[in-house]
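Every number here is computed from the coordinates shown, using simple stated rules; none is lab data. All of these numbers come straight from a predicted model, not from anything done at the bench. Cβ placement follows ideal geometry from the backbone for every residue including glycine, while neighbour counts extend to all protein chains displayed.
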Amino acid sequence: MGRMRPVPGRRWLRVVSAVVVLSAALAAIPAVRGSALRAAGGALVADDPLGPADIIVVASDADGAGVLEAADLVHDGVATRVAVFADPPDPVIDREFMRRGIPYEDVGARSTRQLRALGVETIEQIPRAVVGTEDEGRVLPEWCDQHRFRSVVVVSTADHSRRLRRVLRRSMKGHQTTVMVRRARFSSFDPERWWRSREGIRTGVVEIQKLLLDVARHPLS
């Protein structure tokens, strides 16, 4: 019986898991723990230099932190328009809210309302819903082409910003739009002390695994 060849996806998963375990072991050594963990947190964060842009896009998972950052960028004169991703109504939840006589506000509608309350006058919805980073990478190039945008700022949470920038750099190749990624300053993830809370550890470990896997799959991004 021939020897089974390893499945590529499983091989990369083992590599990523080994790196995470090794990092955790090194972090347990008091002399290097703080600097190693800060370096790991910083590796997740990307913050491009900003210039004038045609529009600011709030990433699908940026939530309130992204809304606040986008509004501040508008007031700083980076752009005059903000776009949020459409969030199609859930047929079960929406119907139940309506049955109880309560209007249901989805994420896109809530972000739009918050942006208006923060003084942003021109708000657009990207009509295609996305689920995750890869979807954003597929949707944004076509949408930017349709609107002939030359430059776009995409606002993301701090922990997600590096991986999002890698995905967008790949997906925007061959397109005329320059994309700048901005981390939301009010993100709950703090790269300087993320390991000091249970939520920070969960977020940091998950995002480090995802980033390492992306680097393994696309080393030249």
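Under a 5 Å amide H cut-off, with hydrogens placed 1.01 Å from N, residue 178 pairs with 151, 152 among residues at least 5 apart or on other chains.
Scalar couplings 3J(HN,Hα) for region 166-177, obtained by applying the Karplus form with A = 6.51, B = -1.76, C = 1.60 to θ = phi - 60°, are 4, 4, 5, 5, 5, 6, 8, 4, x, 9, 8, 8 Hz; x denotes Gly and Pro. Neighbour counting of Cβ atoms within 10 Å sorts the residues 151, 221, 156, 60, fewest neighbours leading, into 221, 151, 60, 156. Look at where the Cα atoms of region 138-208 and of region 35-51 average out, and the two centres are 12 Å apart. Electrostatic bookkeeping for residue 34 treats Lys and Arg as +1 and Asp and Glu as -1; over the other residues with beta carbon under 15 Å from its beta carbon, the sum is +2.
Along its first, second and third principal axes, ordered by size, the chain spans 58, 47, 45 Å in Cα coordinates.
Can you sort 220, 37, 211, 50 so the residue with the fewest Cβ neighbours within 10 Å comes first?
Numbers: 220 5, 37 22, 211 19, 50 16.
Taking fewest neighbouring Cβ atoms as first place, the list is 220, 50, 211, 37.
Among 41, 132, 101, the residue with the largest mean-square fluctuation in a Gaussian network model of the chain, with springs joining Cα atoms closer than 10 Å, is 101.
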